[in-house]
1. Which one of 147, 62, 91, 73 is in contact with a Gly (Cβ under 9 Å, 6 or more places away or on another chain), under 22 Å from residue 165 (Cβ atoms) and not aliphatic (A, V, I, L, M)?
2. When both residues are 6+ apart or on different chains and their Cβ atoms are under 8 Å apart, which pairs have a first residue that lies in segment 120-149 and is in the same structural domain as residue 25 (by TED's automatic domain parsing), and a second that is among the polar types (S, T, N, Q)?
3. Just for segment 52-89: of the residues that are outside any helix (DSSP H, G or I) and of a type in the set (Phe, Trp, Tyr), which one is farthest from residue 35 (Cα to Cα)?
4. Checking residue 120 against (1) more than 23 Å from residue 35 (Cβ to Cβ); (2) modelled with pLDDT under 95; (3) surrounded by 14 or more Cβ atoms within 10 Å (Cβ to Cβ), which test does it fail?
5. In segment 171-197, what count of residues is obtained for those that are modelled with pLDDT under 90 and acidic (Asp, Glu)?
6. Give, as residue ranges, the strands (runs of 3 or more DSSP E) completely inside segment 195-281 that count at least 3 residues that are in contact with a strand residue (DSSP E or B) (Cβ under 7 Å, 6 or more places away or on another chain).
7. Tell me which residues, restricted to segment 251-260, are under 11 Å from residue 183 (Cα atoms) and either charged (D, E, K, R) or surrounded by fewer than 23 Cβ atoms within 10 Å (Cβ to Cβ) (or both).
Amino acid sequence: MKFGKTIKIFLIDGDPNGRMSCELSNWSGKAYKIPRIMIKECIDRDDLMNTGIYLLFGKNEEGKDLVYIGEAEIVFKRLSQHLNQKDFWNEAIVFISKDDNLNKAHIKYLENRLHNIALSTKRYELQNSVVPTQSSISESDKAEMEEFIDNIKMLVNTLGHKVFEAKRELQPKQSQDVFSIKAARGADAQGEPTSDGFVVFKGSKAAGTVVSSMIQSFIALRQKLITNGILVEKGEYYEFAEDYIFSSPSTAAITVMGRSANGLTEWKQKDGKTLREFEKD
């Protein structure tokens with residue numbers, strides 16, 4: 001069972017586009033969200049002179065989300081160095097301990113775990129050239145750091161980045177909770193609605209061909225997924241190599257079926273209930 005959380009967000013400069021700090025009730029950690037253009041102004045933040053973990057966010061020319069995950073014994077100094085060393089990022093999110101209780105082993109552990117979580121979700125393209133080394137810490141410290149990670153994930157999501165969030169949200173326990181499509185030309189897919197759109201599950205099958213009347217923009221989308229290795233040719237059909245989030249149920253259905261489709265009526269649960277009916281309940 002999940003309980004409500006109180007998050008205190010302070011606009012340091014009185015500007016929603018400027019620097020902000022975030023704190024959770026009864027947590028010793030603290031987060032900062034800092035635009036790249038305001039890094040130098042953070043020289044006045046004493047706690048950024050401490051040990052911490054940080055994430056650099058940006059996009060490439062194709063609009064793909066990018067992230068670099070790092071650690072530092074003096075966070076402000078490291079961020080200042082990245083102004084000259086890395087140009088892809090435009091925003092940093094930093095985590096420090098208000099009681100200065102994070103040591104080098106702790107942040108190395110956090111860096112490795114966060115890197116691996118981001119890698120597993122496949123939402124952002126990692127800019128780390130090597131996998132961070134995981135430090136060896138005690139069982140009690142590991143428990144504390146795992147709790148720290150849970151709070152990092154929550155705050156990073158709250159601050160606008162789902163880099164650590166699994167694409168599947170409902171985590172269905174029974175097959176009837178899953179929506180599916182089974183149609184012509186090998187289409188046989190499963191998925192679920194999420195807060196981002198509609199996710200089609202890894203292993204789902206998309207039609208091997210598309211109808212001649214299919215809208216060109218959707219043909220281009222399918223081709224992009226093929227080029228990027230999301231859809232892999234398997235003879236008479238294409239298979240999803242990983243979970244993939246579409247902007248809407250209809251876009252997902254069109255891609256799977258290779259023709260025009262209304263996702264609200266095409267996606268159905270095991271008992272035949274459509275997505276439209278499910279959303280009305």
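The values are calculated or read from the model by the stated rules, or taken from the named source; none is laboratory data. Please read all numbers here as calculations on a predicted model, not as lab measurements. Glycine also receives a Cβ, built like all others from the backbone with ideal geometry; neighbour counts cover every protein chain displayed.
1. On the way: 147 fails: in contact with a Gly (Cβ under 9 Å, 6 or more places away or on another chain); 62 fails: in contact with a Gly (Cβ under 9 Å, 6 or more places away or on another chain); 73 fails: under 22 Å from residue 165 (Cβ atoms).
It is 91.
2. 125/60; 131/112; 131/116; 132/112; 133/112; 134/112; 135/112
3. Initial filter on segment 52-89 (outside any helix (DSSP H, G or I)): 52-74, 86-89.
Restricting the remaining residues to those that are of a type in the set (Phe, Trp, Tyr) gives 54, 57, 68, 88-89.
On the way: 54: 13, 57: 10, 68: 15, 88: 13, 89: 9 Å.
Here the answer is 68.
4. (3) is the only condition that residue 120 fails.
5. 2
6. Working: elements: 197-200, 205-207, 231-233, 237-240, 244-246.
Correct list: 197-200, 205-207, 237-240, 244-246.
7. Of everything in segment 251-260, just one residue is under 11 Å from residue 183 (Cα atoms) and either charged (D, E, K, R) or surrounded by fewer than 23 Cβ atoms within 10 Å (Cβ to Cβ) (or both), namely 259.
Residue by residue, here is whether (1) of a type outside the set (Gly, Ala, Ser); (2) in contact with a Leu (Cβ under 8 Å, 6 or more places away or on another chain); (3) modelled with pLDDT under 95 holds:
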position: 32; (1), (2), (3): yes, yes, no
position: 38; (1), (2), (3): yes, no, no
position: 51; (1), (2), (3): yes, yes, no
position: 54; (1), (2), (3): yes, yes, no
position: 59; (1), (2), (3): yes, yes, yes
position: 63; (1), (2), (3): no, no, yes
position: 70; (1), (2), (3): no, yes, no
